[in-house]
1. Of everything in the stretch 133-187 that's in a helix (DSSP H, G or I) and of a type in the set (Asp, Glu), which residue is surrounded by the fewest Cβ atoms within 10 Å (Cβ to Cβ)?
2. Failed condition for Asp203, given (1) farther than 21 Å from Lys52 by Cα; (2) part of a helix (DSSP H, G or I), with all others met?
3. Counting only residues that are in contact with a strand residue (DSSP E or B) (Cβ under 8 Å, 6 or more places away or on another chain) and either over 15 Å from Cys170 (Cα atoms) or surrounded by fewer than 24 Cβ atoms within 10 Å (Cβ to Cβ) (or both), how many does the stretch 57-71 have?
4. Residues to consider are Asn109, Asn19; find the one that is modelled with pLDDT of 95 or more and within 24 Å of Ile168 (Cα to Cα).
5. Could you list, in sequence order, all residues of the stretch 142-184 that are small (Gly, Ala, Ser) and either at pLDDT 95 or above or touching a Ser or Thr at 6+ places or on another chain (Cβ under 8 Å) (or both)?
6. Restricting the search to the stretch 128-160, which residues are in contact (Cβ under 8 Å) with a residue 24 or more places away in the chain and over 23 Å from Ile216 (Cα atoms)?
7. Which pairs turn up if I take residues in the stretch 92-116 that are within 16 Å of Arg14 (Cβ to Cβ) and without any contact (Cβ under 8 Å) to a residue 40 or more places away in the chain and look for partners that are open to solvent by less than 20 Å² (accessible area, probe 1.4 Å) and not acidic (Asp, Glu) with beta carbon separation below 6 Å, at least 6 apart in sequence or on another chain?
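The values are calculated or read from the model by the stated rules, or taken from the named source; none is laboratory data. Computed from a predicted structure; not experimentally measured. Here the Cβ positions follow ideal geometry from the backbone for every residue, glycine too, while neighbour counts run over all protein chains shown. Remember, those area values only see protein heavy atoms, side chains included, never the ligands or the DNA or RNA. Shrake-Rupley method; radii C 1.70, N 1.55, O 1.52, S 1.80 Å.
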Amino acid sequence: MAAPEIDNSKYFVREIEKNDGCVLRMKQCYIGDVGCVVWDAAIVLAKYLETKTFYDPSAGVNMWCGRTVVELGAGTGVVGLMAATLGAHVIVTDLEDLQSLLNVNIQENQTLIQSGSISAKVLKWGEDVSELLPPPHYIIMADCIYYEQSIGPLVETLKQLSGPETSIICCYEQRTEGVNPEVENKFFELLQRNFTRETIPSDKQDPEFSSPDIHILHIRRKD
C-alpha cells in the first residue's frame, strides 16, 4: 500500500536530536487542539528514555530492546517514537482526530527505527483496552494530567492496562494557574488507591532537557 501524501502546508517541524546524533523530525499542526504540538514535558520524557538508566550502549545496557510499550495521550508521538528507535515495540494511542498526525510522524521517522516497531491505535481513556493487552512492559505518558473530566478515565485505563510487572513512566509539567493544581491533586488522590509512585530526581534525568517545573514519576501497581 502506498504511503499517504503529506500536505506539508499544514505542518511545521520540530527537531529533537538523539544522543547518537540522529534527529527525530516531528511535524506539528498549525491549527488544532493540545495534541497537535510537541510539549516540553514530552521532550523531557523522550530524552529521559535515553539516559544511562535505560540505555548505555558502551556498557551493553538497553532496557528498551524487545520491550512492549504503550504510550497514552501520545499527541505527536515523539516519546513513543524515541522508544521505538531504541528498540522497543510501541503502540502510540490517542483520540481518532490525532491518528493522521501520529501516522505522518511515524512515516517521517521510520528510517530511524531498526530493531523496534511502532503503530498507532485509537484509545479513549476509560474504554476497552483489550486490543492493547497483554499488559505492556512499559506505559509512558507525557502531559496527560490537565482535563478534570479525563482524570478518572485515565486512572481507570492505567488500572486496566497495567499488570504487576508494568512500569508506568509519567512526565508532567506542574502548572499553578486556574484549576490545574486541583486536577493534579485529584489525579494523585485517585492514583494512590491502586498505585505507588516515585519521583525521579533531576540528576537522573537528561542534563540538558530537564526543568524544575517538569516532573518524572515511576508508577507501579500495588501488590
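1. Applying the first criterion (in a helix (DSSP H, G or I)) to the stretch 133-187 yields 148-161, 180-187.
When the remaining residues are screened for being of a type in the set (Asp, Glu), the result is 148, 156, 182, 184.
Values: Glu148: 13, Glu156: 16, Glu182: 11, Glu184: 18.
Ranking the qualifying residues of the stretch 133-187, first place goes to Glu182.
2. In the conditions (1) farther than 21 Å from Lys52 by Cα; (2) part of a helix (DSSP H, G or I), Asp203 misses (1) alone.
3. Going residue by residue through the stretch 57-71, those that are in contact with a strand residue (DSSP E or B) (Cβ under 8 Å, 6 or more places away or on another chain) are 61-64, 66-71.
In the following step, the residues that additionally are either over 15 Å from Cys170 (Cα atoms) or surrounded by fewer than 24 Cβ atoms within 10 Å (Cβ to Cβ) (or both) were identified as 61-64, 66-68.
So the count comes out to 7.
4. Details: Asn109 fails: within 24 Å of Ile168 (Cα to Cα).
After ruling out the rest, the residue left standing is Asn19.
5. The answer is Ala142, Ser150, Gly152, Ser162, Gly163, Ser167.
6. Let us first name the residues in the stretch 128-160 that are in contact (Cβ under 8 Å) with a residue 24 or more places away in the chain, namely 129, 132-148, 150-160.
Residues satisfying the conditions are Val129, Leu132, Leu133, Pro134.
7. As it stands, the answer is Leu102/Gly77; Leu102/Val92, since those pairs meet every condition given.
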